[in-house]
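Quick notes on the structure that follows.
The values are calculated or read from the model by the stated rules, or taken from the named source; none is laboratory data. Only a predicted model underlies this, so the values are computations on that prediction, with no experimental measurement involved. Positions of Cβ are backbone-derived with ideal geometry, glycine not excepted, and every protein chain shown enters the neighbour counts.
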Amino acid sequence: MSLLGEPELTEEGEFVINIGPQHPSTHGVLHLKVWLDGETIKKIQPHLGYIHRSIEKMSESLSYRNFIYATSRMDYLSAHINNQACALTVEKGLQIEAPPRAQAIRILMAELTRLSSHQLWWGCTGLDLGAVTPFFYAFRERELIMEIMEETCGARLTQNYSVPGGVMYDVHPNFQNRVKDVMKQVKSRFREYEEALTGNVIFEQRTKGVGYLSAEDAISFGCTGPTARASGVSCDIRKWFPYDGYDKLQFDEIIMTGGDSYTRYMVRMEEMKQSVAIIEQLIDNIPEGDFQAKTKMVIKLPKGEFYQRVETARGELGVYIVSDGAASPYRIKYRSPNFSNLSALSHMATGAKIGDLVAIMATIDLVIPDVDR
Amino acid sequence: MAETEKMIFPAQLHQTADGGIVVSKLDDMINWARSNSLWPLVFGTSCCAIEMMSAADAKYDWSRFGFEVARATPRQADLIIVAGTIVMKMAPVLKRLYDQMPDPKYVIAMGACTISGGPFFYNTYSVVKGVDHVIPVDVYIPGCPPRPEALLHAMITLQEKIKHETYFGKAKTEEGK
Amino acid sequence: MALFLTISFSSIATGIHTWLAGTMQNEMLVKITEMAIAGISLLLFLVPLCFFLGYMERKVAAFMQIRLGPNRVGPKGSLQIVADTIKLLLKEGLTPTASDKFLFNLAPMIVVVTSMLVMAPIAFAKDFQIWDLSIGVLYVSSVSSIAVIGILMAGWSSYNKYSLLGAMRSGAQIVSYELSVGLSLISIVILTGSLRMSDIVMSQENGWWIFKGHIPVLISFVIFVIASTAEINRAPFDLAEAEQELTAGFHTEYSGMKFAMFLLAEYINLFVVSAIGATLFLGGWMPFHIGHWEAFNHIMDFIPSSLWFFGKTFAIIFIIMQFRWTFPRLRVDQLLTLEWKYLLPISMVNVLFVTVMAIMGWHF
Amino acid sequence: MTNEEIKTAVSALFPSVTYDETGEFLTLLITPAEIRSVMKALRYNTEFSFDYMFCLTCIDWKTHFMMVYHLLSKTHRHNIVVKAKIADVNKPEIETLCDIWQTANFHEREVYDLFGIRFLNHPDLRRLLLDEGWDGYPLRKNYVDENMISL
């Protein structure tokens, strides 16, 4: 339903529709003003802020332990990775490092998060393109991962598990067995995913050659994550600026050069397999030891600026903390991946059809609260 | 209400010599139909929307209760599940969506944000502190985000509430009975 | 039940006619009463049919999607659709202020009425047909294309841009796919040599056309299923409502009873195209006969003709429902490409083959 | 390029630039007047080729605003931070960088929205996150909101 029901009188012959804020394909409350010529899109103007929750302002008055919880609600599909980014930034400021066990647990949880996020994306891509069934198949495996999350940290979605210096609690004794069990199931289901959507003629027609983004534009628009990697841009922070011991692990950065929706789809499908590979490498090798480094009760960062990048399921998340030496940050800025990815939307979708717009939005994998923050 | 819950259909069979007569109250009929056919509007703003999607999936499967007909247009929806924070910019849109829904319409406030602003209560400049400032709410679900079971429970609670309505006049309350 | 199914429907009709003629003694009055009876019984048939189709759709969806589907309202959830219907009927029916109110209210009625009209020449069982008119197939293909006017009307009068886009898509779609449906129907008409539904059914006494007609008829059956799925706006061709693109397409502004009418029309259309497909290609109520295998044919005749008809129809309905829950939606230009570049040329060439086959008598 | 090499190369082009190496990245301190020439050089000179701007934000230091640009070169794999101090608190203005990095478009609009810094020659400078009629710039330290509940 459009925000404005009545036709807008713009220039003569212009046909403007408002997609959103409440619209099934915007995955939240994005508002796109679309100028149409028949079915062809002439221009897109994104209007943001329908879920702008002032997290940055709020964080300025919270302690360095507390501000982390708000980031779970930013990109709620990679909640753990957001928390990890914040914890790493604070650790950078304190010049400490999490113990090896905590790092391993963090990576495991991060990859589980990435896997579940990509599964949800896969289901929703099918849903957006009109195939409802993949959604249910994706959620079948996602629920298994959600159960692990719940067992480990008590929450299904907004974990708040990483804290400055490590993780909040040790993992459940059953963690390793359970993860191995789930990984076995998830791996056996990849074939099903591919049969359900990847090889479908209609799906290929809908996504191949749609929403082309060149490598230069991807860099210029600041696109990261699978969106940029599908355009042939190497941008995996896990490889570029390894954190938490990603450099010790064997995995590939998936880079493809198609630049269209189908390539973005394929990149994510391959990334799921890489995540499983990382988890399988690590699950039997969780080092013994502490799960949290000793930190003071009230954390105070030294005066200065700290920037930490991590790779979320959608791309590069940057946490920029400016400290004036007090117990709460002076200024905090989240460089969110979706914000930059979204800015490329109008470039990608101009000249496409309305149906293509849906396909493009689905394969960029937008999470609107992360855009608005 | 325990009796009507067990009943397949809100009616009674009066035995007569050659068969029987089915007798029902119009109110019961209407309430039965309305409570069993709550079509939610596809509306989610943030994290709670993911749990709402989880409630639709195969594990929790709200289609068992007939809630799965999620309509994208407010004209055909009976229920708006406010899943996620409402901010100042969204509030007029939400109000408008609510106004666009035809009567009878119901609202479930899902999650802490919609109850009071939740985690975003303090020191925020743009969050509406509770969705009931904008539209009337029938059922509140606490949690951040609430589990899918909680959403199902809320919807069943809403069904209970609807079963106490009357088509003409006031709702059947404890005192008014 | 078995008794009911084996009664000859023609004897019932004759019985009613004799009784009415005896009491009324006015031929005109008798005709009118009979028409009324036919109409009312059709309506009485349609309501449970749509309940069942709605229930079936949700259960098929659940089956495809590893879920349970409705199971709380009534035994196995069977009363779910009843509840939905009562609710929709009692819901407020909104008419947007800026809409063209007359057309807005008229549109759903046109859509429903046209879909009901198409029911007239369908033979539900042996000798059970409302009107066996001599141009049955032509009537079906011409009347069913009126529905697009209702959809266009709905989209235009709603004063909503999504509705308008949906209606325009639907217009382009139905007009195009009409051609393929028509051509695939023609191939059977050529083989049968008659437009009359009862003749078409009788011509399949020694085997259904899909078996007798070799590959050309098989091709036209496939084309018929694809094109008619498109014509009744069902996924993957549901561009007119395309939930993810246009929220609800042409019926975005409809609520309550008027929306229920669109739903009703959707299910009736689904039934009608499947029934026509079953009649033309799968022999309608005609049992499964193989050439001159008298004993086998005789055994098959014991299964009531209405069961044959509904069995075949619901088999096609099940296939069309599976489409909906399997395929992604096409884009609007791909939809038209599929019709104009693939289906239409194929069906044209196919008609040629069928004609040759009919002239040379190469079919069984 | 190492930080030292960047420093010498930048100093050769812009002698007025000062440096700050206390943080993680090399920081260039420049004045708003020279931002476009410095940024163009950083972007297009092949020795720098900072083609990827990964963060753009602003800090309100009460006495002045500090624009912060984080740059990365995909080819040379070096990072740099450019800071421009806007001294005029009442009418903060700076040139836009939209045409150099397309991502700057949205980021600058966000900064305009939350800090009230005007980007000159920006093609579409409107509020991004808040309503058009919003009063004040919420991320400024002196922003007052009566409805805001403080802990």
Report task. Go through D:F54, D:F25, D:F65 for me and flag whichever is within 14 Å of another protein chain (Cβ to nearest Cβ), surrounded by 13 or more Cβ atoms within 10 Å (Cβ to Cβ), of a type in the set (A, V, I, L, M, F, W, C) and more than 14 Å from the chain's Cα centre (by Cα). Result -> D:F25
Query raised in the report: Is the range C:85-103 home to any residue that is among the aromatic types (F, W, Y), within 13 Å of chain B (Cβ to nearest Cβ) and either surrounded by fewer than 21 Cβ atoms within 10 Å (Cβ to Cβ) or over 27 Å from C:V181 (Cα atoms) (or both)?
Result: no
Query raised in the report: Got a sec? Which of A:T312, A:T263 is farther than 21 Å from A:S72 by Cβ and among the β-branched types (V, I, T)?
Result: A:T263
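For (1) touching a Lys or Arg at 6+ places or on another chain (Cβ under 8 Å); (2) farther than 21 Å from A:Q22 by Cα, each residue gets a yes or a no:
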{"residue": "B:L94", "(1), (2)": "no, no"}
{"residue": "B:K105", "(1), (2)": "no, no"}
{"residue": "B:M110", "(1), (2)": "no, no"}
{"residue": "B:F121", "(1), (2)": "yes, yes"}
{"residue": "B:V128", "(1), (2)": "no, no"}
{"residue": "B:M155", "(1), (2)": "no, yes"}
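Okay, residues lined up against (1) buried (at least 24 other Cβ atoms within 10 Å of the Cβ); (2) under 30 Å from A:D252 (Cα atoms); (3) not hydrophobic (A, V, I, L, M, F, W, C):
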| position | (1), (2), (3) |
| --- | --- |
| A:M297 | no, no, no |
| A:K303 | no, no, yes |
| A:F306 | no, yes, no |
| A:R314 | yes, yes, yes |
| A:S328 | no, no, yes |
| A:N338 | yes, yes, yes |
| A:M348 | yes, yes, no |
| A:G351 | no, no, yes |
Report summary line: In the range B:10-39, anything charged (D, E, K, R) and surrounded by 15 or more Cβ atoms within 10 Å (Cβ to Cβ) is listed as B:D27, B:D28, B:R34
Query - Residue in the range A:104-119 that is within 14 Å of chain D (Cβ to nearest Cβ), out of contact with any strand residue (DSSP E or B) (no Cβ under 8 Å at 6 or more places or on another chain) and either under 30 Å from C:G166 (Cβ atoms) or touching a residue at least 24 places away in the same chain (Cβ under 8 Å) (or both) present - result: no
Requested in this report: Give me a count of the residues in the range B:94-105 that are within 14 Å of chain C (Cβ to nearest Cβ) and either at pLDDT 90 or above or part of a helix (DSSP H, G or I) (or both).
Outcome: 5
Query raised in the report: Just for the range C:253-263: of the residues that are within 10 Å of chain B (Cβ to nearest Cβ) and either more than 15 Å from C:G150 (Cβ to Cβ) or small (G, A, S) (or both), which one is surrounded by the most Cβ atoms within 10 Å (Cβ to Cβ)?
Result: C:S255
Report task. For A:Y246, indicate whether it is in contact (Cβ under 8 Å) with a residue 12 or more places away in the chain, touching a Lys or Arg at 6+ places or on another chain (Cβ under 6 Å) and closer than 27 Å to A:G93 by Cα. Result -> yes
Report summary line: Scanning the range D:68-91 for residues that are hydrophobic (A, V, I, L, M, F, W, C) and within 20 Å of D:E24 (Cβ to Cβ), the one nearest to the chain's Cα centre (by Cα) turns out to be D:V68
Query raised in the report: Can you tell me which of C:G283, C:G291, C:G277 is surrounded by 23 or more Cβ atoms within 10 Å (Cβ to Cβ) and not in a helix (DSSP H, G or I)?
Result: C:G283
Report task. Taking the residues in the range A:50-77 that are of a type outside the set (D, E, K, R) and away from chain B (no Cβ under 12 Å) as candidates, determine which candidate is nearest to B:P119 (Cα to Cα). Result -> A:S63
Query raised in the report: Just for the range C:63-84: of the residues that are at the interface with another protein chain (Cβ under 7 Å from one of its Cβ atoms) and hydrophobic (A, V, I, L, M, F, W, C), which one is nearest to C:S255 (Cα to Cα)?
Result: C:A83
**Report entry** Any chance A:A98 is part of a loop (DSSP other than H, G, I, E, B), in contact with a strand residue (DSSP E or B) (Cβ under 8 Å, 6 or more places away or on another chain) and crowded, with 24+ Cβ neighbours inside 10 Å
**Finding:** yes
Report summary line: The residue from C:E266, C:E205, C:E241 that alone is surrounded by 20 or more Cβ atoms within 10 Å (Cβ to Cβ), at pLDDT below 85 and charged (D, E, K, R) is C:E241
Query raised in the report: Do we find a residue being more than 14 Å from chain C (Cβ to nearest Cβ) and out of contact with any Cys (no Cβ under 7 Å at 6 or more places or on another chain) anywhere in the range A:122-142?
Result: no
Requested in this report: Answer yes if at least one residue in the range B:137-147 is assigned to a strand (DSSP E or B), on the phi < 0 side of the Ramachandran plot and within 14 Å of chain C (Cβ to nearest Cβ), and no otherwise.
Outcome: no
**Report entry** Number of the condition not met by B:T114 [criteria: (1) hydroxyl-bearing (S, T, Y); (2) within 14 Å of chain C (Cβ to nearest Cβ); (3) surrounded by 24 or more Cβ atoms within 10 Å (Cβ to Cβ)]
**Finding:** (2)
Query raised in the report: Taking the range C:190-248 as the region of interest, how many residues are in a loop (DSSP other than H, G, I, E, B) and more than 22 Å from C:P287 (Cα to Cα)?
Result: 13
Query raised in the report: Which residues, taken from the range A:133-158, are in a loop (DSSP other than H, G, I, E, B) and either crowded, with 21+ Cβ neighbours inside 10 Å or charged (D, E, K, R) (or both)?
Result: A:R156, A:L157, A:T158
Query raised in the report: So is D:E34 closer than 21 Å to D:V111 by Cα, of a type in the set (D, E, K, R) and in contact (Cβ under 8 Å) with a residue 12 or more places away in the chain or not?
Result: yes
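This table checks each residue for (1) away from chain D (no Cβ under 14 Å); (2) in a helix (DSSP H, G or I); (3) crowded, with 23+ Cβ neighbours inside 10 Å; (4) in contact with a strand residue (DSSP E or B) (Cβ under 8 Å, 6 or more places away or on another chain).
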{"position": "A:N177", "(1), (2), (3), (4)": "yes, yes, no, no"}
{"position": "A:D181", "(1), (2), (3), (4)": "yes, yes, no, no"}
{"position": "A:F203", "(1), (2), (3), (4)": "yes, yes, yes, no"}
{"position": "A:S234", "(1), (2), (3), (4)": "no, no, no, no"}
{"position": "A:D247", "(1), (2), (3), (4)": "yes, yes, no, no"}
Query raised in the report: Which residue pairs have Cβ atoms under 9 Å apart, sit 6 or more places apart or on different chains, and have a first residue in the range A:254-273 that is closer than 12 Å to A:T125 by Cα and a second that is among the basic types (K, R) and surrounded by fewer than 19 Cβ atoms within 10 Å (Cβ to Cβ)?
Result: A:S261/A:K208; A:Y262/A:K208
**Report entry** Condition met for D:S150 (touching a helix residue (DSSP H, G or I) at 6+ places or on another chain (Cβ under 9 Å) and surrounded by fewer than 19 Cβ atoms within 10 Å (Cβ to Cβ))
**Finding:** no
Query raised in the report: Does B:D18 count as more than 10 Å from every other protein chain (Cβ to nearest Cβ) and among the acidic types (D, E)?
Result: yes
Requested in this report: Could you list all residues from the range D:115-133 that are under 17 Å from D:D60 (Cβ atoms) and either within 13 Å of chain A (Cβ to nearest Cβ) or assigned to a loop (DSSP other than H, G, I, E, B) (or both)?
Outcome: D:F115, D:G116, D:I117, D:L129, D:L130
